[in-house]
1. Just to be sure before I move on: is Tyr363 surrounded by 15 or more Cβ atoms within 10 Å (Cβ to Cβ), of a type in the set (Phe, Trp, Tyr), in contact with a Pro (Cβ under 7 Å, 6 or more places away or on another chain) and at pLDDT 90 or above in the structure I sent?
2. Among the residues of the range 458-512, what is the count of those that are modelled with pLDDT under 90 and β-branched (Val, Ile, Thr)?
3. Under 7 Å between Cβ atoms, at least 6 apart or on separate chains: pull out the pairs that start in the range 171-186 with a residue that is farther than 12 Å from Leu522 by Cβ and among the charged types (D, E, K, R) and end on any residue that is assigned to a loop (DSSP other than H, G, I, E, B) and at pLDDT 90 or above.
4. When residues of the range 399-430 are filtered for being of a type in the set (Ser, Thr, Tyr), surrounded by fewer than 19 Cβ atoms within 10 Å (Cβ to Cβ) and assigned to a strand (DSSP E or B), how many remain?
5. Take the range 241-258 and flag every residue that is part of a loop (DSSP other than H, G, I, E, B) and either within 25 Å of the chain's Cα centre (by Cα) or at pLDDT below 90 (or both).
6. What is the residue count in the range 378-397 for residues that are of a type outside the set (Asp, Glu), open to solvent by less than 40 Å² (accessible area, probe 1.4 Å) and either modelled with pLDDT of 90 or more or not in a strand (DSSP E or B) (or both)?
7. For residues in the range 39-78 being part of a loop (DSSP other than H, G, I, E, B) and of a type in the set (Asp, Glu), which is most open to solvent (accessible area, probe 1.4 Å)?
8. Quick one: count up the residues across the range 203-216 that are among the hydrophobic types (A, V, I, L, M, F, W, C), modelled with pLDDT of 90 or more and open to solvent by 10 Å² or more (accessible area, probe 1.4 Å).
Amino acid sequence: MAKRILLCTLLSLSLVAQGLAQRQRASVSGTVTDSRTGEVITGAVVGVEGLPATGAVSNGYGFYSLTLPASGECTLVCSMMGYAVQRVVVMTGGDRMVDFALVESARQLEDVVISAEGNDRNVKQVQTGVEKLEMKEAGKIPVLLGEKDILKSMQLLPGIRATSEGSSGLTVRGGTADQNLILLDEATVYNASHLMGFFSTFNADAIRDAVIYKGTAPAQFGGRLSSTLDIRMNEGNNRSYGVSGGIGLISSRLNVEGPIVRDRGSFIVSARRTYADIFLPLYGDDSMDGSRLYFYDLNLKANYKLGDRDRLMLSAYMGRDVMRLRREMGIDWGNATATLRWNHIFSHRLFSNTSLTVSDYSYGIMLNTWTDINVDSRIGDWALKEEFQYALADRHTLRFGLNTTLHSITPGQITSRSMTGLPRLERRRSWENALFVSDEWRIGSRLNVIAGLRGSSFSVLGPGTFYDFLPGGEVTGEQSFDRGAVVKSYLNLEPRLSANLSLGQTSSLKAGYARNSQYLHLLSNSMVGSPTDVWLPSSPNVRPELSDLVSLGWFCNLAGNRYEASVEGYFKTMDNQIDYRDGASIYANEKVEGELLYG
């Protein structure tokens, strides 16, 4: 009995001591913005002067949270590449909010350097294979026909190459183009090319920055095997109105931005269009009558600060290519996305982001040579994302949340006003879900670790008819399902682990492991890829693609961070198979060749 009383007493004293220690510490949180435009800044480092082990980095929405030492006076320091360092003196007697408005640095650079948060990011960043590109830096890179292109700039990075010469498509570390997840303000872009791949769909005037994860991606990203490209649009100037634009060799562009309410909300509208079709009548005959050759992009974004703790953002994109030879034949394709996002600060430690996104990609082929035939295909998504960021302490940052996406895919349908009985593939619906959690933990002064786990599921939904067939393609049976019925479900666990071991101020060792699952597959008629490639979901016969990636590297900065040196190796395994119910699994490649009955 005495031992129990003693144990309870010690436990109570421990809890009281922890509570007193917690009261002696305070949390500071806030938002980092650009002083000229009011746009949020991602990747700014906020720390305490004289305490190098204490610090935080602003997330993709500009929010940071920092735990301060015992009560007293301290100086907060906020720094970001390209901006002047800003210092603020605060009293640490309690929790408070401190916002930073950074001023661009006027220092003249001798060299053009594509960099991220700082000169030593190459050494200090925990994850391997992460590159950040800002459009103001991408604009200094020589480009084709004067058109700044963020995807072509990405092709200059290690481990990334073009799918073909001159194409904007990416292949990352031995993967294929469809194994890259491309997000525009968190909405999926399924085809990011104009003019058969010569240009990307991203207008440089509308893009703020882009981050590509070609190694161990954070747990909140998933659905592809090779990489994740996270692109964020500009938010507009909430201080003053501005109009800019340009006339290029193949296209012209116009950008309009300004405040909705000064210092509270802003908008931006960016448009781009080619005008090659304007010169077609110069041929002087009727051979080009009715021909069309152009593409356009339209980006819109508005954001409004509802209060000190809430911010609402709405963004949209629409773009399309039109290629038509007289009135006889032609093809058009394009994307449309929309994102409604709400940021809320629950406390100085807890931040949330809620996003509702819509994605749509479609193409159409017109053949009027002998008869009027139209071929159409479409893939569309409705998605909801709920993400939380919680600062456990100055050495722990916890991220957790969920994603849910409803896919609707029409692989192909043929219509004609003069013909009947034309084939049509059934529309397929599926439901993809994921729960994720990750913890960034600084262990001592030399070791930083990010450990995460993502649990994903994919359900094939009715209505529809699904087939059983032999490896030779012979159908052995079929089964029909009603609307809303679950035909088949898959479940996968995807652990993620990244570690950074500091070897000093200028070098470090990094290691990472990631498992990824991909539930959507692209059927292509060529190695280069074309707008008529068809997306298909996993089904009872087509299993999800799985990959395991292990990476290890040594990173070093030389001559006062003026030069970077790194050696990184990776090992990737993939499992992509099509199962036949009445036969053995015989396919182990990424593409389906020959005839395949859908389902």
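The values are calculated or read from the model by the stated rules, or taken from the named source; none is laboratory data. Model, not experiment: these values are computed from the prediction. Cβ: placed from backbone, ideal geometry, glycine included. Neighbour counts: every protein chain shown. The accessibility values were calculated without ligands, DNA or RNA, using every heavy atom of the protein model including side chains. Shrake-Rupley method; radii C 1.70, N 1.55, O 1.52, S 1.80 Å.
1. Yes: the conditions hold for Tyr363.
2. 4
3. Arg173/Ser226
4. Selection size over the range 399-430: 5.
5. Of everything in the range 241-258, those that are part of a loop (DSSP other than H, G, I, E, B) and either within 25 Å of the chain's Cα centre (by Cα) or at pLDDT below 90 (or both) turn out to be Gly248, Leu249, Ile250.
6. The qualifying residues number 5.
7. So the residue we want is Glu49.
8. Matching residues across the range 203-216 total 1.
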